[in-house]
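Participant: I am attaching a structure below and will ask some questions about it afterwards.
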Amino acid sequence: MKIFLDTANIEHISHGVRLGVVAGVTTNPSLVSREGNVDYRKLVQEICSIVPGPVSTEVLGQDVQTMVTEAREIAKWADNIVVKIPATLEGVEATSVLAKENIKVNLTLCFALNQALLGAAAGATFISPFVGRLDDIGEDGMKVVSDIVEYLDYYQLPTQVIAASIRHPQHCLAAARVGAHIATVPYEVLLQLIRHPLTDIGIERFRNDWKRVMAREGLL
Ligand code: E4P
């Protein structure tokens with residue numbers, strides 16, 4: 001499973017890319033708004049220049065024509081741009097138009113298999129089921145990811161599943177277990193994935209044991 005970062009923060013993205021584990025980025029208007037008063041296009045282009053993979057950026061229009069016009073413009077910003085289109089009826093139609101023009105679409109705000117079914121039929125490159133937000137309302141977000149993966153596999157469809165709205169490492173592991181192609185994770189979750197208290201205790205113990213050897217040999 002590939003790891004994408006779910007952020008618009010340049011520092012965090014640069015760190016993730018330096019680690020060599022971040023294969024893409026997803027942004028949304030809320031994430032961009034957290035970066036303060038920025039030039040949206042410039043920020044996205046900077047992200048695209050740092051990341052060696054797809055960068056998803058969302059349209060704000062709600063009717064088909066506005067979404068398509070926005071998406072065509074956004075698609076010119078960089079070669080690795082993917083346009084996020086919401087999983088509405090209008091979004092499905094816009095996705096069909098854009099897919100025929102080879103513009104990559106990430107069908108976002110997806111909360112059910114039936115939405116994914118239409119997104120895949122329309123030619124979306126990615127579909128993003130929002131796990132955390134489903135869990136928040138007492139539903140099983142990961143079950144939706146699992147159902148979509150199973151459906152796409154069964155019919156051998158090329159659309160890839162991005163497990164989104166990931167809140168903690170367990171979500172990330174569960175996404176891998178059910179076969180999501182990608183998990184898009186907040187920076188904090190990326191850091192949490194590597195942390196383990198036994199690793200820290202182990203390092204400390206090795207260092208102390210080695211210091212004792214050096215002291216015994218009179219080398220300290
Ligand atoms: C995905 O592409 C979205 O940006 C994101 O995962 C939304 O997550 P949230 O529910 O934490 O806002």
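Participant: Please go through region 1-51 and pick out each residue that is among the β-branched types (Val, Ile, Thr) and touching a strand residue (DSSP E or B) at 6+ places or on another chain (Cβ under 8 Å). Outline the logic, then answer.
Facilitator: Pass one, region 1-51, residues among the β-branched types (Val, Ile, Thr): 3, 7, 10, 13, 17, 21-22, 25-27, 32, 38, 44, 47, 50-51.
Across region 1-51, the qualifying residues are 3, 7, 13, 21, 22, 25, 26, 27, 44, 47, 51.
Participant: With respect to residue 102, is the statement that it is within 10 Å of the ligand (Cβ to nearest atom) and under 18 Å from residue 70 (Cβ atoms) true? Break it down into steps so the answer makes sense when it comes.
Facilitator: Working: within 10 Å of the ligand (Cβ to nearest atom): no; under 18 Å from residue 70 (Cβ atoms): yes.
Here the answer is no, as residue 102 does not meet what is asked.
Participant: For residue 2, work out the one condition from (1) open to solvent by less than 50 Å² (accessible area, probe 1.4 Å); (2) closer than 22 Å to residue 160 by Cβ it doesn't fulfil.
Facilitator: With respect to (1) open to solvent by less than 50 Å² (accessible area, probe 1.4 Å); (2) closer than 22 Å to residue 160 by Cβ, residue 2 is out only on (1).
Participant: Quick one: how many residues across region 204-215 are open to solvent by 90 Å² or more (accessible area, probe 1.4 Å) and either touching a His at 6+ places or on another chain (Cβ under 7 Å) or not aromatic (Phe, Trp, Tyr) (or both)?
Facilitator: Here is the first cut: in region 204-215, the residues open to solvent by 90 Å² or more (accessible area, probe 1.4 Å) are 204-207, 210-212.
Filter once more, keeping what is either touching a His at 6+ places or on another chain (Cβ under 7 Å) or not aromatic (Phe, Trp, Tyr) (or both): 204-205, 207, 211-212.
Residues flagged as open to solvent by 90 Å² or more (accessible area, probe 1.4 Å) and either touching a His at 6+ places or on another chain (Cβ under 7 Å) or not aromatic (Phe, Trp, Tyr) (or both) within region 204-215 amount to 5.
Participant: What pairs come out if I take residues in region 183-209 that are free of Cβ contacts under 8 Å to residues at least 40 places away in the same chain and pair them with residues that are acidic (Asp, Glu) whose C-beta lies under 9 Å away, six or more apart or interchain?
Facilitator: 189/6
Participant: Considering only residues that are more than 13 Å from the ligand (Cβ to nearest atom) and of a type in the set (D, E, K, R), look in region 115-174 and name the one that is most open to solvent (accessible area, probe 1.4 Å).
Facilitator: 150
Participant: Something else about it: Condition first: polar (S, T, N, Q), within 11 Å of the ligand (Cβ to nearest atom) and part of a helix (DSSP H, G or I). Can you find one or more residues in region 20-34 that meet it?
Facilitator: Applying the first criterion (polar (S, T, N, Q)) to region 20-34 yields 26-28, 30, 33.
Restricting the remaining residues to those that are within 11 Å of the ligand (Cβ to nearest atom) gives 26-28, 30.
Those left that are additionally part of a helix (DSSP H, G or I): 30.
Within region 20-34, one or more residues are polar (S, T, N, Q), within 11 Å of the ligand (Cβ to nearest atom) and part of a helix (DSSP H, G or I).
Participant: Which of the residues spanning region 57-77 are within 16 Å of the ligand (Cβ to nearest atom) and open to solvent by 30 Å² or more (accessible area, probe 1.4 Å)?
Facilitator: Of the residues in region 57-77, the ones within 16 Å of the ligand (Cβ to nearest atom) are 57-60, 71, 74.
Matches in region 57-77: 60 only.
Participant: What number of residues within region 5-33 satisfy the criterion of being modelled with pLDDT under 95 and open to solvent by 70 Å² or more (accessible area, probe 1.4 Å)?
Facilitator: 1
Participant: Which is surrounded by fewer than 18 Cβ atoms within 10 Å (Cβ to Cβ) and under 19 Å from the mean Cα position of the chain (by Cα), of 80, 102?
Facilitator: Working: 102 fails: under 19 Å from the mean Cα position of the chain (by Cα).
The match here is 80.
Participant: May I ask you to list the residues in region 28-59 that are in contact (Cβ under 8 Å) with a residue 40 or more places away in the chain and under 17 Å from residue 73 (Cβ atoms)?
Facilitator: 56, 58 - these are the residues of region 28-59 that are in contact (Cβ under 8 Å) with a residue 40 or more places away in the chain and under 17 Å from residue 73 (Cβ atoms).
Participant: Shifting gears a bit: Conditions first: (1) farther than 22 Å from residue 175 by Cα; (2) among the β-branched types (Val, Ile, Thr); (3) open to solvent by less than 20 Å² (accessible area, probe 1.4 Å). Residue 38 passes all but one, so which condition is the exception?
Facilitator: Answer for residue 38: the failing condition is (3).
The values are calculated or read from the model by the stated rules, or taken from the named source; none is laboratory data. Only a predicted model underlies this, so the values are computations on that prediction, with no experimental measurement involved. We place every Cβ from the backbone using ideal geometry, glycine too, and count neighbours over all the protein chains shown. Protein only, heavy atoms only, side chains kept; ligands, DNA and RNA dropped before computing areas. Shrake-Rupley method; radii C 1.70, N 1.55, O 1.52, S 1.80 Å.
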